[in-house]
Amino acid sequence: MKIAYSKKKLGVTPSSPLQNNFNASRQNVWPESMKALFAGASRVSRDEFMQVFDIGVPLDKSTSQNHEVLLLHGPKTAPTMASATGISQIQTVSQATENCKIVKQILLDQSKQSCLALVGQWESFHVHKWVRNDGHPAVFENVPRSHKSIDDEQSFPRHGQTVLMAKQYWHYVDLLDELYAELKPIAAEIAGSDNTLVIMVCNKGQSMLLTNFVCAAKSRNINTSKILLFASDMYTHRLAQSLGLRSYHHEKLFKDTPEQAAKDYGDERFKAMMLIKIYAVHIINLLGHDVLFQDTDMIWFKDPLVYFQKQVPQGFDLYFQDDGQHTSKYAPYSPNTGFYYMRYNKRTQFLMSHLLRLGDVVMNTGSHQNVMNHVMAEHSSWRGLKVKTINRDEPDFPCGYHFHERKQFMNDMLSGKIKPYIFHMSWTKDKDEKIKYLQQLSEWYVKSTCDGVQETAAHCCLAEPLFQCHYKNKPSKETCE
C-alpha cells in the first residue's frame, strides 16, 4: 500500500530553519561514530502509526507503557518540529515521517530481557536472533526465529517425510492438467460475476460437521450456492450433493486420503487432510478465482462473502481470522488457516505454489497453519505479499479462542448483543468435542439418526437447534447445572 500526504497542508518544508538548526546541532545527541546512521529520534502514537503503516498484523491493545512508537531518524530525515536534543514527542505520524522516503518497521516483544542492536551495513531484511547459551553464559548462540536452539530436531522434516511428500506432490502434479480441465467450467459457473468461490474440504469422518454447517445455514436462509466442496470419498460426495452443495471428487487424487476423522490435532489423518486443503485452494487460485476457504466446524450467522467483498479494508491479498494465539510461534500474523479469504493475483499464486512444495514441513509440524504463517511473512518481505489478520478484538469472526478465553464475549454473542458473521469451533481436540460444544451453544441442527446415513437435508436438518449441556465451565446458551 502506498502512503501519501501533503507537506504543504502541514505548513512545513524540509528546509525550514528549525530543521537546519536540528541537523546542525545533532552532534549534541549522536557521537561522530554514528552520524552516518542517526540524526535524531522522535516518538508518536502507536495506534495512529499502525493505522497509517498497516502491515496487517492483529495489533494488541496499547497500554500505559506501550502506547508510543520510537522512530530513529537517519541523516536529513528528522521531523521539522523535533527538538535538537532528546526524544521529541510529535503530534501526528505525517509530521514525524515528513522527511522520510523509506520507513522500516520492526515489531518487538521486550518482555524476555531482549536487547536491540542496530548495525550500520548494507541491508538485511531479517531480524537475526541470538540467545544466551545456558551452559556457557558468556556465549550467545544464533538461533531460528521461534526456536530456542538450532539443535532442536523437531524443526526439520525427517527423510521419510520428504520422500513421502515428493511422491504425493508429483502425484498431484501429474494429475494437474486433468484437474484443471475438469474444474475449470465448474469453478467458473459457481464463481459467477464476482469471481469468488467458497472452498471446503471434507471426508466421511467429518461429514456430520459438514451436515450441521449446511443445516444451520438453511435455518437462517443463507445461500450456500457459492460453495464448492472437495469430497475426499464417495460417501461425502453423495452426502454433499444430497445437501444441495456442489461437490467435486477425483478418485485418483483422493485414493490414499483417510475416510476416518482425525483423533487428535496433528495426527496422521489430520496431516493428510491438510495437504488436500492446500491442493484445493491451489487449483482454484490457479484457475484465476478469489477464494474463501473454510473448515467444516463452522456456523454462519450472515453470509461472510458480504464482508470480504464490501466491508473489508482494501489493499490486501489475504484476510485471515485471528487464531487468538499471539505468541512468537505464530508471529507475526496469528492466522487461522481454517478460515481465510484469498484474492487471485500473481503474489497469491506464487505463495500457493511455494506452499505446495512444503508438504514435508506440513507433515512434520502437524498442520499447514504454522508453515503458511512463516511462508507468508517471507513472501511479504520478498515479493510484497499483503496479509491482513482481522483482530480477535473485532466482533465479526470469533473462534475457539473466544469460546475458551473470552467469557463475556461469548455471553454477549449468545444473548444477541454481538452479532458476528460466523463462529468457528476451533481450538478443540477432535470432532466429538466440537459437536458437544456446538450442542451446548444451541448450534447443532442435525438429527442423531443421520450420523453415518446418507440422507437429504429435509430428513437430517432439525427445524430448531438441539441444546444439550456437557460442560459446566464452558459457554452455554442455557445454564448448565
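The values are calculated or read from the model by the stated rules, or taken from the named source; none is laboratory data. Everything quoted here is computed from the prediction, not taken from an experiment. Here the Cβ positions follow ideal geometry from the backbone for every residue, glycine too, while neighbour counts run over all protein chains shown. Heads up: the accessible areas ignore ligands, DNA and RNA and are worked out on the full protein's heavy atoms, side chains in. Shrake-Rupley method; radii C 1.70, N 1.55, O 1.52, S 1.80 Å.
Regarding TYR330, is this residue farther than 17 Å from TRP427 by Cβ, in contact (Cβ under 8 Å) with a residue 40 or more places away in the chain and of a type in the set (Phe, Trp, Tyr)? Outline the logic, then answer.
Numbers: farther than 17 Å from TRP427 by Cβ: no; in contact (Cβ under 8 Å) with a residue 40 or more places away in the chain: yes; of a type in the set (Phe, Trp, Tyr): yes.
No; evaluated as a whole, the condition is false for this residue.
State which residue pairs qualify: first residue open to solvent by 100 Å² or more (accessible area, probe 1.4 Å) and inside the range 116-138, second residue charged (D, E, K, R) and at pLDDT below 90 in any location, beta carbons under 8 Å apart, and separation of 6 or more residues or different chains.
Within 8 Å, the pairs are VAL127/ARG145; TRP130/GLU141; ARG132/GLU141.
Quickly run through the range 67-77 and pick out the residues that are without any contact (Cβ under 8 Å) to a residue 40 or more places away in the chain and open to solvent by 70 Å² or more (accessible area, probe 1.4 Å). Break it down into steps so the answer makes sense when it comes.
Step one: list which residues in the range 67-77 are without any contact (Cβ under 8 Å) to a residue 40 or more places away in the chain, which gives 67-71, 73-74, 77.
The answer is HIS67, LEU70.
Do you know which residues across the range 377-422 are under 26 Å from GLU433 (Cβ atoms), small (Gly, Ala, Ser) and under 16 Å from the mean Cα position of the chain (by Cα)?
GLY400
Could you grab me the full set of residues in the range 333-343 that are surrounded by 20 or more Cβ atoms within 10 Å (Cβ to Cβ) and either more than 13 Å from the chain's Cα centre (by Cα) or outside any strand (DSSP E or B) (or both)?
Let us first name the residues in the range 333-343 that are surrounded by 20 or more Cβ atoms within 10 Å (Cβ to Cβ), namely 333-342.
TYR333, SER334 - these are the residues of the range 333-343 that are surrounded by 20 or more Cβ atoms within 10 Å (Cβ to Cβ) and either more than 13 Å from the chain's Cα centre (by Cα) or outside any strand (DSSP E or B) (or both).
Report every pair of residues separated by at least 6 positions or lying on different chains whose Cβ atoms are under 6 Å apart, first residue within the range 288-315 and aromatic (Phe, Trp, Tyr), second assigned to a strand (DSSP E or B).
From the range 288-315, the pairs are PHE293/ILE199; PHE293/TYR340; TRP300/ILE422; PHE308/TYR341.
State which residue is modelled with the highest pLDDT when the search covers only the range 116-152 and only residues that are under 24 Å from ASN364 (Cα atoms) and among the charged types (D, E, K, R).
Checking each candidate, the answer is LYS129.
So, restricting to strands (runs of 3 or more DSSP E) that lie completely within the range 356-473, which ones have at least 3 residues that are surrounded by fewer than 19 Cβ atoms within 10 Å (Cβ to Cβ)? Even if it seems obvious, please write down each step before you answer.
Values: elements: 387-390, 422-424, 444-446, 461-466.
Of the strands (runs of 3 or more DSSP E) lying wholly inside the range 356-473, those with at least 3 residues that are surrounded by fewer than 19 Cβ atoms within 10 Å (Cβ to Cβ) span 461-466.
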